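One structure below.
The values are calculated or read from the model by the stated rules, or taken from the named source; none is laboratory data. Fair warning: this is a prediction, and the values are worked out from it, not measured in the lab. Positions of Cβ are backbone-derived with ideal geometry, glycine not excepted, and every protein chain shown enters the neighbour counts. Ligands, DNA and RNA are stripped out before the accessible areas are found, and what is left, the full protein with its side chains, is counted by its heavy atoms. Shrake-Rupley method; radii C 1.70, N 1.55, O 1.52, S 1.80 Å.
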Protein chains: 2
Amino acid sequence: MSKTPIVDIFNSKFALGSQVTVKGWIRTRRDSKAGISFLNIYDGSCFDPIQAVVPAELENYTSDVLNLSAGCSVAVTGELVESPGKGQQFELQATKVEVHGFVQDPDTYPMSAKRHSIEYMREHAHLRPRTNMFGAVTRVRNCLSHAIHNFFYERGFNWISTPIITGSDCEGAGEMFQVSTLDLENLPRDEQGKIDYKKDFFGKETFLTVSGQLNAETYACALSNVYTFGPTFRAENSNTTRHLAEFWMVEPEIAFADLSDAAQLAEDMLKYVFNAVLTERADDMAFFAERVDKEAITRLQNMVSSEFVRMDYTDAIDILQKCDKTFEYPVEWGVDLQSEHERYLAEEHVGAPIILQNYPKDIKAFYMKLNEDGKTVAAMDVLAPGIGEIIGGSQREEDLAALDKRLEEMGLDKEDYSWYRDLRKYGTVPHAGFGLGFERLVSYVTGVQNIRDVIAFPRAPGTAEF
Amino acid sequence: MSKTPIVDIFNSKFALGSQVTVKGWIRTRRDSKAGISFLNIYDGSCFDPIQAVVPAELENYTSDVLNLSAGCSVAVTGELVESPGKGQQFELQATKVEVHGFVQDPDTYPMSAKRHSIEYMREHAHLRPRTNMFGAVTRVRNCLSHAIHNFFYERGFNWISTPIITGSDCEGAGEMFQVSTLDLENLPRDEQGKIDYKKDFFGKETFLTVSGQLNAETYACALSNVYTFGPTFRAENSNTTRHLAEFWMVEPEIAFADLSDAAQLAEDMLKYVFNAVLTERADDMAFFAERVDKEAITRLQNMVSSEFVRMDYTDAIDILQKCDKTFEYPVEWGVDLQSEHERYLAEEHVGAPIILQNYPKDIKAFYMKLNEDGKTVAAMDVLAPGIGEIIGGSQREEDLAALDKRLEEMGLDKEDYSWYRDLRKYGTVPHAGFGLGFERLVSYVTGVQNIRDVIAFPRAPGTAEF
């Protein structure tokens, strides 16, 4: 007995009158006094469940059908008919209901049909994909991921899996997790009494990566256009709705390119993936707009139709200083902008996405290209209305002497960056790239506020369940 | 000045006589006595470099062009003309050569034009993508990755990012790396003097995942068809050409499905991705067939056109015992098959890919579904001619009582698997899945023998460079 995905029924791949078998889980059951039961069945293939109309004549009606509750798994065979009610166009006139699995003790089933708090669902992360909300998040997340891969594939980028375990603690983007196979209760010691990392798995101290960028640069300086899409880690004790200890990052890197090329790539990519979601996941987006954030759809539509405004950091400071708004954090040239500043610029001053460029060098990383003014670097942030920074990037310093000067200024050891410096010794090229936190993108698209609710099993301080 | 990818020229996207600018790196330079230089330029967009013909009349001919060597980066503008020589159809009649970066001390450039050993190149993993070989590996790897995502997307699967850091050491698939933020030189101790993991980042001991399967099952039991594609880890001291400490794995999981469905999915997926490589990367595959493994293309063509033979483990043992071949490892019912056995079956006995099914339960994992015979489980391996096992999978035990019995037999604690057992308590469904080691796939496709040469920056015992 083969299986028909519910989405194929709603997409009219079957004629009325067809015999189909749907396999999925019960969302709700309702019994009429006339001796008919209505089952709402979902299978994850789309947002909407399909209704099966089950007559009392079925031989297992009393023994099975009347015992069905939310979460039970079934295979329902029947004829596809027009639905007389509002809402769905089609329903199933069931001729057979086979139960694969009942729910043990339905009263205590953690995902029973009543509404649960989002915190409660987070504690049941192994069952929450059964809900409307997390089913929708999963499909939108999948759509975004696939659109990102498609966008880069169509443009001739190569996906690079940069290493997760890294021997260098010099990526400079944040606190790191240590990775080891040493027996911590019996650490080997060297002659000085220090831990002997020569005995560790890799023969030295190793950590989880915080960014694939430096590694990706080596491939961009050979194959022109590459990107990473993989997990990255921050061992920061940040218990906020915006931070995860483990999250996925997208990092394109392009050769023979400057800051303006990277900015254009970021704008094109965001528009491409937002378009994909609006087209391919209209059902899930309608749910988010109705139940989570009424701006969910219009926000994306605006992003797609807006021209992203380019603005220099220096001009932004001027605007913020001259506006009549009072900010919690004072503004002066040289400070890092806060979310309140970013959102004022994007939402109130411009009313469109902004690509803010050319930041003071002292608040940015060593690898960013120094501008001719000697005090700013070719860095950019994409600021989106409703969230603030969603992408950060830069042109990289491709001049060896200038890079060495920056390393020295920041007290970094040239030896630690020897392979990175090689890229500047051998056929150096202007190149640029950016990073996009994938979960922040999913959060932005769905309107789901807490980033822990847009990844299957979130990792945060004190949280590594499942 | 915009840039034309070389692949667009070879794909005839520009008419003869067009002005184009190519940006890339020098592979070779040859000077004729007539005062003309021939530059071979690659940009990573395809296997073949393009030839630029540079006349001595260019103002920087002596100062720049005659100093170009392998690895220098250039932008060459010129007219697209038919190539009079053999090989390429098009070449560039250069009117401008701009040098972005020379190679410092060309005599010591690690990727100079002479041939290097593959071990030497591994030691220069940041520069090896500049070679023909690693450029081709990277493009084929990218093509395979994209084909996998496409295959699943077209079939309505959702990509799930299962966690990398896991709090459970009960995945049972191999030795694990520990992840910690504790100061190893000053470990906190509890009252018994043991390490106090409550003070660690996650409040307990954590490890790097060895498989996303158990987590993926939670999503399959809610959304029907899902897959993972992410890094997994083995802290095994295996210094072989087939093992990495960090590798990428693809793990689909399908609900309302049995072993036969998983076997069909595996066959369909392999054929789909092999077809994609043969179609989309014909240039790189021609290189592998010529320089690395002359069977590289025919092997894939055979896989695509073969029907994969289903065979029971018990029958395979019978065949191996009755054949007149002498094996290093003796064969009897109950043993795990060795590579020599798998290759005999696929290459000599059947001459086609085999899906070997229903293995003895004692050599398989706790979660595999017990068959009615009580002594085998619904496990499968896909054996490919030329490599042996390429995919391993199984139907999962969906019956709670049977699962609990297996946990007990194997001395595993039910409490450790409470969330996994919940899937069997609440609307359980038959489900199945498999795992594909992505680097082994790339190795199989390209014929590149050592798995460390098909991932950008390999991690193995004693090796975590870059």
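Looking for something touching a Phe, Trp or Tyr at 6+ places or on another chain (Cβ under 7 Å) and among the basic types (Lys, Arg) - is there at least one such residue anywhere in the stretch A:362-378? Scanning the stretch A:362-378, I find no residue that is touching a Phe, Trp or Tyr at 6+ places or on another chain (Cβ under 7 Å) and among the basic types (Lys, Arg), so the answer is no. B:Arg30 fulfils the conditions (1) assigned to a strand (DSSP E or B); (2) more than 14 Å from chain A (Cβ to nearest Cβ); (3) open to solvent by less than 30 Å² (accessible area, probe 1.4 Å) except for a single criterion, (3).
Out of everything in the stretch A:382-425 that is within 14 Å of chain B (Cβ to nearest Cβ), open to solvent by 40 Å² or more (accessible area, probe 1.4 Å) and touching a residue at least 12 places away in the same chain (Cβ under 8 Å), what residue ends up being nearest to A:Tyr359 (Cα to Cα)? Quick ask: steps written out before the conclusion?
Of all residues in the stretch A:382-425, those within 14 Å of chain B (Cβ to nearest Cβ) come to A:395-404, A:415-425.
Okay, now just the ones that are also open to solvent by 40 Å² or more (accessible area, probe 1.4 Å), so A:399, A:401, A:415-416, A:418, A:425.
Narrowing the set further to residues that are touching a residue at least 12 places away in the same chain (Cβ under 8 Å) leaves A:399, A:416, A:425.
Values: A:Asp399: 19, A:Asp416: 26, A:Lys425: 27 Å.
Taking the candidates together, the pick is A:Asp399.
Return the residue satisfying two criteria in turn: it lies in the stretch A:236-253 and is among the acidic types (Asp, Glu) and either open to solvent by 10 Å² or more (accessible area, probe 1.4 Å) or under 19 Å from B:Pro231 (Cα atoms) (or both), and of such residues it is nearest to the other protein chains (Cβ to nearest Cβ). Among those residues, the one meeting the criterion is A:Glu246.
The rows are residues; the columns are (1) within 14 Å of another protein chain (Cβ to nearest Cβ); (2) surrounded by fewer than 24 Cβ atoms within 10 Å (Cβ to Cβ).
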| residue | (1), (2) |
| --- | --- |
| B:Ala220 | yes, no |
| B:Leu223 | yes, no |
| B:Arg234 | yes, yes |
| B:Ala255 | yes, no |
| B:Leu278 | no, yes |
| B:Glu290 | no, yes |
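Inside the stretch A:160-214, residues that are more than 15 Å from B:Glu246 (Cα to Cα) and open to solvent by 50 Å² or more (accessible area, probe 1.4 Å) make up a count of 15. Only one of the listed residues (B:Arg122, B:Arg115, B:Arg139) is touching a Phe, Trp or Tyr at 6+ places or on another chain (Cβ under 8 Å) and over 30 Å from B:Leu223 (Cα atoms). That residue is B:Arg139. Taking the stretch A:79-99 as the range and being in contact with a Phe, Trp or Tyr (Cβ under 8 Å, 6 or more places away or on another chain) and open to solvent by 60 Å² or more (accessible area, probe 1.4 Å) as the test, the residues that pass are A:Glu82, A:Gln89.
Each row is one residue, and each column tells you yes or no for (1) at pLDDT 95 or above; (2) of a type outside the set (Phe, Trp, Tyr); (3) in contact with a helix residue (DSSP H, G or I) (Cβ under 8 Å, 6 or more places away or on another chain).
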residue: A:Phe274; (1), (2), (3): yes, no, yes
residue: A:Arg281; (1), (2), (3): yes, yes, yes
residue: A:Tyr313; (1), (2), (3): yes, no, no
residue: A:Ile319; (1), (2), (3): yes, yes, yes
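When you check A:Phe466 against the structure, is it touching a His at 6+ places or on another chain (Cβ under 8 Å) and either among the β-branched types (Val, Ile, Thr) or under 30 Å from B:Asn158 (Cα atoms) (or both), yes or no? Can you show your working first?
On the way: touching a His at 6+ places or on another chain (Cβ under 8 Å): yes; either among the β-branched types (Val, Ile, Thr) or under 30 Å from B:Asn158 (Cα atoms) (or both): yes.
Yes; evaluated as a whole, the condition is true for this residue.
Could you list, in sequence order, all residues of the stretch B:91-115 that are modelled with pLDDT under 95, over 22 Å from A:Asn215 (Cα atoms) and not aliphatic (A, V, I, L, M)? Once the filter is applied, which keeps residues that are modelled with pLDDT under 95, over 22 Å from A:Asn215 (Cα atoms) and not aliphatic (A, V, I, L, M), the stretch B:91-115 yields B:Asp105, B:Pro106, B:Asp107, B:Thr108, B:Lys114, B:Arg115. Within the stretch B:99-130, being of a type in the set (Phe, Trp, Tyr) and at the interface with chain A (Cβ under 7 Å from one of its Cβ atoms) holds for one residue alone: B:Tyr109.
Could you go through the stretch B:33-53 and let me know if any residue there is more than 28 Å from the chain's Cα centre (by Cα), open to solvent by 40 Å² or more (accessible area, probe 1.4 Å) and over 16 Å from B:Gln93 (Cβ atoms). Yes, the stretch B:33-53 contains a residue that is more than 28 Å from the chain's Cα centre (by Cα), open to solvent by 40 Å² or more (accessible area, probe 1.4 Å) and over 16 Å from B:Gln93 (Cβ atoms).
In the stretch A:448-455, the count of residues that are open to solvent by less than 10 Å² (accessible area, probe 1.4 Å), more than 14 Å from chain B (Cβ to nearest Cβ), modelled with pLDDT of 95 or more and under 23 Å from A:Tyr344 (Cα atoms) is one or more.
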